[in-house]
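These notes concern the structure reproduced below.
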Amino acid sequence: MTIVAQTACPEGHNTGRRNGGCIQCLRDKSRAYAAKRRAENRDLVAPETPEELERFWAKVDKSGSCWVWTAAQSGRGYGSFTLRSKPLLAHRIAYYLAKGAHDTGLELDHLCRNRICCNPDHLEAVTHTENMRRSPLATKTGDALCRRGHNDWVEYPGSPGNRHCRTCNVERKRNLRARATSR
């Protein structure tokens, strides 16, 4: 990313400009768009007619503990079901049909960690913070030890949550220097 100028934008942000726009304004627009998408998804359209229900449940394999979605998947690996020209996440529909709507502001967490599972007993409505804490990706910032077992984290300024193991970095640089001198 190349920052061209350090001037104030019409909104009064004193941040650099990128591609003709203030970086802060671009971030604000992105956040507003994400909030709009989340609000749209809260108004869940669910199968109502017997034909819609049959079409939905025909795509779920209930043979195992996890009820596996066998049809289309979203780009992030969740089951996707199109109903009345609107793409919906299959696990949300299954939860709604079995347990009713969950509270606004909550997300459905897959307790089984299987994104294509539609078993309502494997889903729990939790806050976004709790969902991220439980995520397997949470180990990126939540673990006390790095992959090699060191507890020597350093967080770089200006990059909150961007931690690196100091011991591993020293070893990596030492190996790079050794390879460079052996040539």
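The values are calculated or read from the model by the stated rules, or taken from the named source; none is laboratory data. All values derive from a computational prediction rather than experimental measurement. Every residue, glycine among them, receives a Cβ derived from its backbone with ideal geometry; neighbour counts consider all protein chains shown.
Going by the conditions given, is residue 55 at pLDDT 70 or above, in contact with a Pro (Cβ under 8 Å, 6 or more places away or on another chain) and either of a type in the set (Ser, Thr, Tyr) or assigned to a helix (DSSP H, G or I) (or both)? For residue 55, the condition - at pLDDT 70 or above, in contact with a Pro (Cβ under 8 Å, 6 or more places away or on another chain) and either of a type in the set (Ser, Thr, Tyr) or assigned to a helix (DSSP H, G or I) (or both) - is met. Restricted to segment 106-145, and to residues there that are assigned to a loop (DSSP other than H, G, I, E, B) and at pLDDT below 80, the residue that is nearest to residue 69 (Cα to Cα) is 135.
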